[in-house]
Amino acid sequence: MAVTNMTKLTLGPIAYHWSADRRRDFYARIADEAPVDEVYLGEVICSKRAPFQEADLPTIIERLERAGKRVVLSSLAEVMLTRERKATADMAAMDSHEIEINNAAGLYARGKRPHRIGLFMNAYNEATIKWMADQGATHVVLPTELPAPAIAVATRVARDLGLDVEVQVFGRASLAVSARCYHARAHGRTKDNCQFVCEDDADGMPLTTSDDQPILRVNGIQTQSESYVDLLPEATRLVGDGVTHLRLMPQAVDMVAVAQVFRRTLDGDHELSEAEAELRRICGDTPFSNGFFYGEAGYRRIANVNRV
Amino acid sequence: MTSNTDAVRRPRLPGHRPVARLSAAIAQPILTRVVRRIAERHPSLFARLGPHQKTDFIIDPIELPFALHLRPDPDALIFRAVPRDLAPVAGAAIRGRFMLLLELVDSEEDGDAAFFSRDLEVTGDTEAVVRLRNALDDVDGSIAEETADMFGAPGRAILARLRRSYPAN
Amino acid sequence: MSLAELICPAGTPAALRTAVDAGADAVYCGFQDATNARNFPGLNFTPDELAESVTYAHAKGAKVLLALNTYPPAGRVDLWRQAADTGARFGVDAFIVADMGVADYIARTHPGVRLHLSVQAAASSPEAIRYYCENFGVKRVVLPRILTIPEIRQIRKEIPCEIETFIFGNHGLMVEGRCSLTNYLTGQSTNLDGVCSPASDVEYVRHDDGSMSSQLAGFTIDCFGPDEKAGYPTICKGRYTAPHRQEGYYAFEEPISLNLSRLLPELIEAGVHAFKIEGRQRSKSYVRNVVKAFRAAVDDIRAGREANIADLVALTEGQKQTQGAFETKKWR
């Protein structure tokens, strides 16, 4: 278990438009109680939301760092408007913290200075990762839809190049982003006059098929999976392949408890079956999935054959 | 699976069953000749069908008294007219007006557009139909005219009359 | 005034010849594998077919652009490299790429062949586009279908390469190259396998009342009434319910085609270099009609004549069409 002890747990950036109060309380608990090593902050999905967070950001950073967490700032996934270009350039100019880049505009602005490659950068293969490493990348988050054999190859090459490698192991998968806001559309509005209706859905707005099958979640311009990705049973394999960081995406559940389950399992203090049962209790009725990892439909839950 | 197109628009004349069998029997030798010739001239067609060379397609012109059964297997090609009640269980079925089907074969008409407008109906294995469509679409020129040419001047006259009798919508 | 080249789709050699004969300045196509984003059953080119097609197009003064616009998963990069080598050997006029590793390989190995940045790379700002131009020598960017004309005009001023925009065809809603919706339901990936709503997972179910459901991998994407126009079951064009939309609604977009025929003069004036027609998966009939109509319109505009827009509008007759984001940002 010495190897898994070294594995870092990270908390990804909040994808949703949680209120300022909710964010403050959330990160205060994370700082005090959650066994995560690194926390990503910053608005990745919608540039209109960013102003609501900026005021509190220094306090939240200070609070997390005081608790011994490393803070990384994440950039926008979609960069098109002037304000988005400016936000991206400003972040790329930053030296105070590590940054995670989610759009090629950020790579352009950052040049060869060190940076992390985010979930939206499509670092699918060894050739791309090698290219990115040559341009100053120090850390790469692999795309959520990458199947296990490709994760293994990408991780080996990235590690050889001296990069850290991160994989999302918990939370809804980001399945698509768009220029159009689907939250606004659902309420008969447009993106420009959305009135931040996305704040009402702390865990995304559920979409259901006409025959009552839950299928997707809408989060502003982003479309997410209905299921939570759960790679707890696969975590040991990921670590064995050389993955250095496991990412938990913030959902509207007790994330401190989620982090504890993952940490204890990595440390070998928790039987897997017990841990899975615990995670199930924390997450209520939301289905779990790991199909992408096994090269199957992403929504599916594949039994882990290595499990004893 | 019965189709809406089938139930609503297909004429049901008295004694349709014997008529169907008779007309299918008359059409058969022509069909055999046609399909053999097309297959000889356009061998690349089969590669695009891939695994669906062994699939049974039912091509169902709603206003004709019989349907067509196609199995595009280069080693054992089947293209025959069958009364609907004797048609085999198909991997895929394509249903529409005869002239539309003819135009689709010749890429005079766009299959997607016909499908979106509900003039064309597809049931069964969608991939099989997509492969067949793409295979036929890669054939240069007109299969209908090639067929008509096989029967000389009378063949061309029949095709011309057929086209006149089906003015565009 | 820009050149306003007409870039046309070809899913088969016959479609390529049809496009060239109908007046395409360039035709784009791909191999029969995961290296391009229209990896559909029975579609696309064998290496031999590509070689013959390049000869045919070049003899008639048309260019051939090879789409290598998917993302290789780790461990399978060689397939994309071999496809590039094959294309270069046959003399294709440009590669359309999205993946940085693929772009880097071509820039180093085949520096004489033009690189076009695929819409799948989702470069929607001058900075992102410059990143690809400066690092890989990209000569043209295919812009995502999410920008307004003033935005395109502004981008044109700030980038060192040509601009290609879609003007007609399927109207993708999601940022291309960032969509895993198909993989979520089917296990086949748009980015990695070049697949979108694969036919093998599509089923149409007819109901007794004459309505028809379209399903993808067992999920009902839409249900059309007896007289309603149908659509292909792409997840982003499905009808769903939400907590306050119990009646079922098109959560992302209605089944609709992009048709920018009315905006052609403005696009040319904005500095768009090339117009792209979507539809490698469509028939020769579609290719023939659409290419002919746009050829005539572009020639008219370039000669200072009034273009006959009516013909172009008729191409989507019966189906709904939109100018999407190009006309107004209210679309967003």
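Every number in this text was worked out from the coordinates using simple rules, so none of it is lab data. Please read these numbers as outputs of a predicted model, since none were measured by experiment. Reconstructed Cβ throughout: ideal geometry from the backbone, glycine too, with neighbour counts over all protein chains shown.
Observations on the structure shown:
- Taking the Cα centre of the protein assembly as shown as reference, the dipole from Cβ charges on Lys and Arg (+1) and Asp and Glu (-1) amounts to some 1440 debye.
- Charge-dipole axis of the range B:14-141 as Lys and Arg at +1 and Asp and Glu at -1 on Cβ define it, positive-most pick from B:PRO65, B:ALA135, B:LEU22: B:LEU22
- Size of charge dipole - the range C:189-250 - debye, nearest 20, with Cβ of Lys, Arg +1 and Asp, Glu -1, no other charges: 200 debye
- At 0.890 mPa s and 25 °C, Stokes D of the protein assembly as shown from Kirkwood alpha-carbon radius, µm² per second: 88 µm²/s
- Each peptide in A:117-123, B:157-163 was scored by the mean count of other Cβ atoms within 10 Å over its residues; highest first, the order is A:117-123, B:157-163.
- Computed helical MRE - 222 nm, the protein assembly as shown, DSSP H runs ≥ 4 contributing -39500 (n - 2.57), nearest 500: -11000 deg cm²/dmol
- Given +1 at the Cβ of Lys and Arg, -1 at the Cβ of Asp and Glu and no other charges, the dipole of the range B:14-141 around its Cα centre is 660 debye to the nearest 20.
- Selection of GluC sites (Glu not before Pro), the range C:222-262, meeting DSSP coil and at most 14 other Cβ within 10 Å: C:GLU228
- For peptides A:256-262, C:234-240, B:150-156, A:88-94, sequence by mean Cβ density within 10 Å, most packed first: C:234-240, A:256-262, A:88-94, B:150-156
- Ordering of C:195-208, C:266-279 by packing [mean C-beta count within 10 Å, highest first]: C:266-279, C:195-208
- Each Cα pair under 8 Å and six or more residues apart adds its separation to the average, and for chain B the resulting relative contact order is 21 percent.
- Proportion of all alpha-carbon pairs of the range B:43-93 beyond 17 Å (%): 34 percent
- At most 15 other Cβ within 10 Å, DSSP loop - trypsin sites (Lys or Arg not before Pro), the range A:187-241: A:ARG189
- Among C:LEU43, C:LEU65, C:PHE31 the positive-end extreme of the charge dipole of chain C (Cβ point charges): C:LEU65
- Alpha-carbon spread of the range A:61-165, three principal axes, descending order, Å: 37, 36, 24
- By other beta-carbon atoms within 10 Å, ranking C:HIS110, A:HIS183, A:HIS245 with the fewest at the front produces C:HIS110, A:HIS245, A:HIS183.
- Cα convex hull of chain B - mean projected area over all directions, nm²: 9.6 nm²
- Mean partner shielding of peptide C:41-49, defined as the number of other chain Cβ atoms within 10 Å of each residue Cβ, is 6.
- Which of C:THR165, C:THR190, C:THR55 has the fewest Cβ neighbours within 10 Å, and the rest in rising order: C:THR55, C:THR165, C:THR190
- Gyration tensor (Cα) of chain C, equivalent ellipsoid semi-axes in angstrom: 30, 24, 20
- Cα-based Kirkwood hydrodynamic radius, chain A, one decimal, Å: 19.7 Å
- When the Cα convex hull of the range B:76-169 is projected onto planes of every orientation, the mean area is 7.3 nm².
- Within the shell defined by Cβ-Cβ distances under 11 Å, the residues around B:LEU45 carry a net charge of 0, with Lys and Arg each +1 and Asp and Glu each -1.
- Computed lengthening from A:GLU54 to A:MET94, 0.36 nm per intervening residue step minus Cα-Cα distance: 12.9 nm
- DSSP-defined antiparallel bridges as percent of all bridges, chain B, nearest 5: 70 percent
- Sorted largest first, the principal axis extents computed over the alpha-carbon atoms of the range C:189-250 equal 37, 29, 19 Å.
- Positive dipole terminus of chain C, leading residue within C:VAL205, C:VAL113, C:THR165 (C-beta point charges): C:VAL113
- Sites listed here are trypsin sites (Lys or Arg not before Pro) in the range A:78-125 whose DSSP assignment is loop and whose Cβ has at most 14 other Cβ atoms within 10 Å: A:LYS112.
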